[in-house]
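First up is the structure itself, then whatever we jot down about it.
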Amino acid sequence: MDWNWKYIDASGAEVVGPLGDQRFPTQADAETWVGETWQDLLAAGVEAVTLYEVNRAVYGPMGLRPE
């Protein structure tokens, strides 16, 4: 499978992944990665992410800022 994240900035626009085009073999791998890099993503201007399996949105957008 091909799992990946789409990145959204503060205006709600989709942006190019600031940490490169990350692809993952499993959903768990993708979720682990975003859990480890969310602060770097925020620092690069990403406010939310959406998880995709190939071209199907699985969930999101999910905000990266702690509540």
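What follows draws every value from the coordinates through simple rules; no lab data is involved. In this text, all values refer to a predicted model and were calculated from it rather than measured experimentally. Please note: Cβ atoms are built from the backbone with ideal geometry, for glycine as well, and neighbour counts cover all protein chains shown.
Tilt of helix 27-43 relative to the longest C-alpha principal axis of the chain, in degrees (0 to 90, nearest 10)? Approximately 20 degrees, to the nearest 10. Spin-label pair Glu31-Met1: with each label point 7 Å from Cα along the Cα-Cβ axis, the two points sit 1.0 nm from one another. Proximity of backbone amide H atoms, modeled 1.01 Å from N, is registered between Val15 and Tyr7, Ile8, Asp9 at under 5 Å, excluding neighbours fewer than 5 places apart on the same chain.
Candidate values (1) 38; (2) 21; (3) 43 were compared with percent of Cα pairs over 19 Å apart computed on the shown model; the agreeing label is (2).
Full extension of the chain between Val16 and Val54 gives 12.0 nm of extra length, using 0.36 nm per residue less the Cα-Cα distance. Can you find, among Thr26, Thr37, Ala10, the residue sitting farthest towards the positive end of the charge dipole of the chain, where Lys and Arg contribute +1 and Asp and Glu -1 at Cβ? Of the listed residues, the answer is Ala10. With each label modelled as a point 7 angstrom along the Cα→C-beta vector, the Asp9-Glu67 pair spans 2.7 nm. Only the Cβ atoms of Lys and Arg (+1) and of Asp and Glu (-1) were treated as charged; on that basis the dipole of the chain about its Cα centre amounts to roughly 120 debye.
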